[in-house]
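The values are calculated or read from the model by the stated rules, or taken from the named source; none is laboratory data. Everything numeric in this text was worked out from a predicted model, so none of it was measured. We place every Cβ from the backbone using ideal geometry, glycine too, and count neighbours over all the protein chains shown. The accessibility values were calculated without ligands, DNA or RNA, using every heavy atom of the protein model including side chains. Shrake-Rupley method; radii C 1.70, N 1.55, O 1.52, S 1.80 Å.
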Amino acid sequence: MKAYQSMSKEELLALQSELEQAYEEMKGKGLQLDMSRGKPAADQLDLSMGMMNVWSPEDELKAANGMDCRNYGGVDGIAEAKKLMADMMGCQPENVIVCGNASLNLMYDVITRAELFGILGETPWSKLDQVKFLCPVPGYDRHFRITETMGIEMINIPMLEDGPDMDMVEKLVAEDDSVKGIWCVPRFSNPGGVVYSDEVVRRMAALKPAAKDFRIFWDNAYAVHDLYEEDQVPLLDIISECEKAGNPDMVYEFASTSKVTFPGAGISAFASSEANVAEFKKRMSVQTIGYDKINMLRHVAFLKDMDHVKAHMMKQAALMRPKFEAVDRVLEQELGGLGIGTWTKPRGGYFISFQAMNGCAKEIIAKCREAGVVMTGAGAAFPYGKDPDDSNIRIAPTYPTPEELAMAASLFVLCVKLVSVNKLLAE
């Protein structure tokens, strides 16, 4: 195919007319599709329905230590759930507290407590003149909404092929004691699908922050979410690496079963050093007498151990992988060689990250919406919703049916072409 940038004005005008006609035909189909979030499809959720039958009414709902999970007690979770979540996260059970249905809730709570009470005796963030967070971009919009809600200044950090730009991270952390944290999705990052390399993890663990209360917010959301059984990319345990580097308290790790079993009805976990876990437990014991131990026990009964977790996730991957590959195939067939977009080919996670020509993302998203396909808003993967290049688009292929996805992908590439031609003609 001929790159659009090499076309003459006459060729572009002819192409524009052809694309506008195709777009009007698409609009006439009355599509109503939502690809705005990375949601599991119904057939993925069906894989966990066995969890509803793990017990009979006669079963005693007791933890391994004899605790009655129907009653109060065990504010930090049952031991067997700690073991399961620790194995999924790649850390040790003694580092783990098991909580409710959402790791995002834990992140919000940790930052709120830092604002109100400070971290390990340091000044509460709310009493400081300025608090800053480093934000690898493109990144997870809900992370950025937490820090924005708290009035924390966010600083963009470019995401490279192996993780955040660590030269920039090291410099900012070392020079500015108002930098208190960094958001990280270290495995199959949202939306770029990046897995942090061993070097990046070790450099992260060896940071020398000017602020004693600087923390790495390590959201290991896709710890077991591989799309391919072969060539799985490992991730170093950040907690043990921080210990080796002499920074045991510098990391907070989070995970959940939201995209393993049932989103909104799973279990979540916080993992960190002994001192951080003790402080977390002290603060949470004022908020709750304990989280849902029956749900913890149910998850352990269903998922059992890491061998069973991996087998369960490969069943999910078998449903998801064709959708990712179908989108990639359409992008390659329709946009390959045109010079108007690049995209990731993730080995896991939930998203494909698409880079349009600068200044085109908002218009592409608007065109898709006008024709009946709702996608994540342009700029969502950046702090304050502002993509400085207006080029990044997050594609979430998991929720639609294969038939819906085929229609959505066809509309998307058509909108990319039309908006790109319009931009080149305007220039």
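Numbers for the structure displayed
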{"quantity": "Rounded if a/c under 1.5, otherwise prolate or oblate - the range 332-427, Cα gyration tensor axes", "calculated": "rounded"}
{"quantity": "Distant alpha-carbon pairs in the range 295-338 (separation over 16 angstrom), percent", "calculated": "57 percent"}
{"quantity": "Mean ellipticity per residue at 222 nm, deg cm²/dmol - from DSSP H runs of n ≥ 4 across the chain, formula -39500 (n - 2.57)", "calculated": "-13000 deg cm²/dmol"}
{"quantity": "Percent accessible area from carbon and sulfur atoms, the chain, protein chains only, probe 1.4 Å", "calculated": "50 percent"}
{"quantity": "Farthest positive-ward along the range 258-397 dipole, Cα basis, beta-carbon charges - from Ile289, Met306, Phe351", "calculated": "Ile289"}
{"quantity": "Kirkwood Rh, Cα atoms: Rg over Rh of the chain", "calculated": "1.00"}
{"quantity": "Too-long pairs where the Cα-Cα distance tops 31 Å, listed order kept, from Lys281/Lys345; Lys132/Lys423; Lys82/Lys212; Lys212/Lys282; Lys9/Lys362", "calculated": "Lys281/Lys345; Lys132/Lys423"}
{"quantity": "Whole-Å semi-axes of the range 67-106's equivalent ellipsoid (Cα gyration tensor)", "calculated": "18, 14, 8"}
{"quantity": "Lys, Arg +1 and Asp, Glu -1 on Cβ, resulting dipole of the range 130-253 about Cα centre, debye, nearest 20", "calculated": "520 debye"}
{"quantity": "Relative contact order %, the chain, counting alpha carbon pairs below 8 Å whose residues are six or more apart", "calculated": "26 percent"}
{"quantity": "Of every Cα-Cα pair in the range 191-294, the percent that sits beyond 15 Å", "calculated": "70 percent"}
{"quantity": "Percent of Cα pairs exceeding the 21 Å cut-off, where the set is the range 109-249", "calculated": "41 percent"}
{"quantity": "Nitroxide proxy distance, nm - points 7 Å out along Cα→Cβ at Ser285 and Glu94", "calculated": "1.9 nm"}
{"quantity": "Antiparallel DSSP beta bridges within the chain, as percent of all bridges there, nearest 5", "calculated": "45 percent"}
{"quantity": "Diffusion constant of the range 257-352 at 37 °C, which comes from Stokes-Einstein with the Kirkwood Cα-pair radius and 0.692 mPa s, µm²/s", "calculated": "191 µm²/s"}
{"quantity": "Volume per residue of the C-alpha convex hull in the range 31-165, rounded to whole Å³", "calculated": "219 Å³"}
{"quantity": "Paramagnetic label zone (point 7 Å from Cα along Cα-to-C-beta, Leu61; backbone N under 16 Å) in the range 253-281", "calculated": "265-267"}
{"quantity": "Of the DSSP H helices in the chain, those whose Cα atoms cover at least 30 Å axially and whose Kyte score averages -1.0 or more", "calculated": "306-335, 402-426"}
